[in-house]
1. Calculate one ³J(HN,Hα) per residue across region 102-113 by plugging θ = phi - 60° into the Karplus curve 6.51 cos²θ - 1.76 cosθ + 1.60, and present them in order as whole Hz with x for glycine and proline.
2. Taking θ = phi - 60°, what integer Hz values does the Karplus form 6.51 cos²θ - 1.76 cosθ + 1.60 yield along region 34-45, in sequence order, with x for Gly and Pro?
3. Hull surface divided by four, with the convex hull built on the Cα atoms of region 121-202: how many nm²?
4. Translational D (Stokes-Einstein, µm²/s) of region 35-112 at 4 °C and 1.567 mPa s when Rh comes from the Kirkwood sum over C-alpha pairs?
5. Using θ = phi - 60° and the Karplus curve 6.51 cos²θ - 1.76 cosθ + 1.60, what whole-Hz ³J(HN,Hα) does each residue of region 146-152 get, with Gly and Pro shown as x?
6. Enumerate by residue number the chymotrypsin sites (Phe, Trp or Tyr not before Pro) in region 65-122 meeting two conditions: DSSP loop (anything except H, G, I, E, B), and at most 14 other Cβ atoms within 10 Å of the site's Cβ.
7. May I ask you to list the GluC sites (Glu not before Pro) in region 90-182 that are in a DSSP loop and have at most 10 other Cβ atoms within 10 Å of their Cβ?
8. Per the Kirkwood treatment, what hydrodynamic radius in Å, one decimal, follows for region 71-172 from the mean inverse distance over all distinct Cα pairs?
Amino acid sequence: MTEQNANHDHGEHVHEHAHHVHDLPASGREKGPIRGLLSGMATTARTMTKKTSTRQYPDEKPDLPPRSRGVIALLEENCTACMLCARECPDWCLYIDSHKETIPSETPGGRDRQRNVVDRFAIDFSLCMYCGICIEVCPFDALFWSPEFEYASGDIRDLLHEKEQLGEWMRTVPAPPDLDERAPEAPEVAAASKPPRVARRNVTK
Ligand code: SF4
Ligand code: SF4
């Protein structure tokens with residue numbers, strides 16, 4: 001085949017291709033107004049008979065799973081202000097202040113004890129990334145996930161919540177799941193059910 005013939009053949013292909021494009025079915029806009037209207041009404045009728053998944057929030061509250069991460073709640077009585085959560089928080093959004101309190105001995109000659117009292121416990125939810133590390137590392141079960149999520153604010157400064165509000169959210173923390181009946185008894189339960197130890201007397205030989 002000569003170069004001229006090849007160009008000629010190529011020209012025919014281009015012409016044929018253009019012809020095929022011309023034969024393609026018309027787009028929706030080119031169908032005409034009546035056909036487009038009927039097609040739209042058919043889609044509407046089909047959708048109307050389908051089950052809707054839209055929830056009418058806030059009139060209809062969502063049914064959230066119990067392990068939802070909405071907000072972090074604080075059980076202040078359990079907190080010893082050990083600062084573990086604040087040290088592990090990757091965002092540094094936990095603020096804890098405390099002071100030491102002396103508890104006098106209950107027995108004569110006994111030693112007084114000291115304990116930390118929480119003065120301030122706050123979480124800045126504008127920084128928090130809801131990773132849950134603080135809850136995981138707390139050795140005293142003082143922090144919990146609550147599914148409560150309705151605390152949006154128009155002012156970012158209002159997302160800094162103090163211990164009073166964090167304590168309020170404890171009411172929304174779901175109860176823990178039931179224990180597995182086949183699980184072995186917890187060591188704490190076994191230790192608590194042991195008879196009390198009797199003090200040994202000094203025996204002289
Ligand atoms: S969830 Fe994560 S980011 Fe938020 S306070 Fe706890 S440790 Fe910090
Ligand atoms: S919440 Fe837990 S980890 Fe954080 S200071 Fe209190 S006891 Fe320590």
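Values in this text are rule-based calculations from the coordinates and carry no lab data. Only a predicted model underlies this, so the values are computations on that prediction, with no experimental measurement involved. Neighbour counts run over all protein chains shown; Cβ positions are idealised from the backbone, glycine included.
1. 9, 9, x, 5, 8, 10, x, x, x, 8, 5, 10
2. Ordered by residue, 3J(HN,Hα) equals 5, 5, x, 5, 5, 4, x, 5, 5, 5, 4, 5 Hz.
3. Values: hull surface 38.9 nm².
Mean projected area for region 121-202: 9.7 nm², to one decimal.
4. 65 µm²/s
5. Taking θ as phi minus 60°, the curve returns 10, x, 4, 10, 8, 10, 5 Hz for region 146-152.
6. Within region 65-122, the qualifying chymotrypsin sites (Phe, Trp or Tyr not before Pro) (loop, at most 14 other Cβ atoms within 10 Å) are TRP92.
7. Sites meeting the loop and neighbour criteria: GLU106, GLU150, GLU181.
8. On the way: mean 1/r = 0.0680 Å⁻¹.
By the Kirkwood definition, the hydrodynamic radius is 14.7 Å.
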